[in-house]
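Computed from the coordinates by the stated procedures, all read-outs in this text should not be read as laboratory data. Just so we're clear, the structure is a prediction, and the values are computed from it rather than from any experiment. Here Cβ is always computed from backbone atoms with ideal geometry, including for glycine, and neighbour counts include all displayed protein chains.
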Amino acid sequence: MKVCMLLAGDEEGGLEKHVLELANALSEKVDLHLVAHAKYRDRVVPAVQFHAIDLTRSRRNPFLLFELVRTLRRIKPDLVHAHAVKATDLLAKIRHWVAARTVATLHNRRRRLGGYGQMDGVIAINHEIAQSLNPATLKIIPNGMDLPSYTPVLRPALVEEFGLDPELPIFLAMGRLVDAKGFDVLLDAWQGIDASLVILGDGERQAALQTKLEQQRMQARVILAGHRELALRYLHGSDFLVISSRNEGGPYTLVEALLIGVPVLSTRVGMCSDWLPSAYLCETNDASGLHGLVEQALNNPQQMHQEFEPIFRRAEASLTLHGMAQSALDFYRQVLARPQ
């Protein structure tokens, strides 16, 4: 089977991580080609045949569409797999000029889904996203990953690095400091909480969050730690992960925490609603609800760990890179087996 994946854009986020890791994993099973920005060339294994096209140009650019058609005709794939809305729209525009079946993955909620309706198959990464798609051509495949090799940051090192109170429980939050992550809501929720919160990440809202933190006089409890390489290392020294996002597809932080064995509190976004008990979920933009989840975890930590044990085992079985790649391959075969 020859498969060509399309990645439009040149950013560094969960979408790009997902596509590159899936391409690398699938290259062990199929003849895998990837059409993407040149910056990603060194991020794929030699078995992935890389085709550099700058897909950040307008989806209406006729030169881009011509170059994409010409490249796909040269590759001659059995199936083309587009990721996210822009790549899907590009594929929808040229699908009649390419002799291949088409699949697209929706990674996040979107109001406009025109291109997805023209695909032979659609993948959603969680049930929340899937509600807006045609169930006849749909497959739900959650993001999976393999944990990289690293040295864990255990609790004593975490306490020392950030000057935390060693007697207090430690909550970790991770992500870009942007509005979508809801860290402003998390700071509001933390008022009156007798526990440490470390937020790892940087971004455009950092100054505003720091000002808010100082105004609320919570510097002794809350640390805006900035960017850290392999932030998941710090999960090992934490008691809980908290996700306050307003909008998510994954997130990968959920997968990382469940594979490492750290309980999670979250807003009802993305995969979180599929994986976490309702007792540990609250609505988005709900500082009071998030506050209540944190207090509940502090009051019953042993019960929470017990309730998460089967979730950890389920994650080990299905949230791995191998499991994700195999599910994608099985879906490709289903799509190719359907009559034209």
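Table for the structure above
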item: Close Lys-Lys pairs in the chain, where close means Cα under 21 Å and separation is 8 or more or interchain; result: 14
item: The range 220-270 versus the range 71-132: alpha-carbon centroid distance in Å; result: 30 Å
item: Residue-averaged [θ]222 nm for the chain, counting only DSSP H segments that reach four residues, each worth -39500 (n - 2.57); result: -11500 deg cm²/dmol
item: Cα-based equivalent ellipsoid of the range 155-318: semi-axis lengths in Å, sorted from largest, via gyration tensor; result: 22, 17, 16
item: Cα-based helix-to-principal-axis angle, 321-337 vs the chain, degrees rounded to 10; result: 30 degrees
item: Convex hull of the chain built on C-alpha atoms - directionally averaged projected area, nm²; result: 17.2 nm²
item: With Cα atoms, 0 to 90° folded angle of helix 287-299 axis to the chain main axis; result: 70 degrees
item: For the range 195-279: rounded, prolate or oblate by the Cα gyration tensor [a/c cutoff 1.5]; result: prolate
item: Dipole magnitude (debye, nearest 20) for the chain, charges at Cβ of Lys, Arg, Asp, Glu; result: 2000 debye
item: Burial ranking of peptide ranges 43-50, 19-26 (average Cβ count within 10 Å, highest at the top); result: 19-26, 43-50
item: Unit charges on C-beta of K, R, D, E only; dipole of the range 155-318, Debye; result: 200 debye
item: ³J(HN,Hα), Karplus 6.51/-1.76/1.60, whole Hz, each residue of the range 249-261, x for Gly, Pro; result: x, x, x, 5, 4, 5, 4, 4, 5, 5, 5, 7, x
item: Counting DSSP beta bridges with both ends in the range 155-318, the antiparallel % (nearest 5); result: 5 percent
item: Sites matching chymotrypsin sites (Phe, Trp or Tyr not before Pro) across the range 145-218 that sit in DSSP coil, with at most 12 neighbouring C-beta atoms within 10 Å; result: Y150
item: Length added when fully stretched, D10-R70, from 0.36 nm per residue minus Cα-Cα; result: 19.5 nm
item: 0 to 90° range, to nearest 10: angle between helix 84-94 axis and the chain longest Cα axis; result: 10 degrees
item: Cβ charges +1 (Lys, Arg) and -1 (Asp, Glu), total dipole of the range 257-340, debye; result: 400 debye
